[in-house]
Amino acid sequence: MRSSNFSSFDNAQRGDIRYDVSAFLVDWQDPQLNTSTTNWGFFVVQNGEEAQTYGLEASLDGYLSDNWHYSLGYAYVNAELTSDFYAPDRPAPAAPIALDGAMLPGTPEHALNWALDYTTTVGSDWTWFSRVDGYYQSETRNAVTTSPRFNVPLDGFAIWNATTTLSNDDFDLSLWIKNIANEDGVTGVFTEAYMGTAPSLGYFGNANKQLIALPRTIGATVRYKF
């Protein structure tokens, strides 16, 4: 696998606002892709012919006041095959595993991240810091293949988190919650069509599953500096 043609634009700063913009273009030769064997459908990794990824990343960071700070980020990515993808045991003119222009798996076209935090002093020795942040990604694909048993769309999702921390020179107490809305955040699937029951084959289990984000988690962290 080989990448080339990468370019970026350096960040810049004006007043209390800092911004950064980058553009990139990556040409892949012999990209490694997840697929499956012909007969039993076992997952394997093999090389495709060509793929290309290009896009834009931008970020913005600044202060609304002495206490309020924010950050924003956005990424656009177009990641796709640039030639048909054939299995080693099924070369052309056999039907390809995936077609030129197929979206690469696990790569959202749009992604956003954001954060807003507030810092203030409490008394003469304590600092109170609170933050809300989040992440969003658009729809992705599960696999590079024309088979609906593997290549299914995965919905976009958003994850929100929050934390508040009281601290001084020696002591920190944080209360936090991750994935506030308990969003599934599915990033991969073993489908029912592929991993479900098959009585004719003597298989009665069901191993279909989803790969999901960390569920809603609430906790506290205490740190003391000796």
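If you build a Gaussian network model of the chain, linking Cα atoms that sit under 10 Å apart, which residue out of Gly55, Gly185, Gly196 swings the most?
Most flexible of the set in this elastic network: Gly196.
Sequence gap at least 6, Cα distance under 8 Å: using those rules, report the relative contact order of the chain to the nearest whole percent.
12
Read-outs throughout are calculated quantities, based only on the coordinates presented, and are distinct from any laboratory measurement. Note that the coordinates shown come from a computational prediction; the quantities given were computed from them, not determined experimentally.
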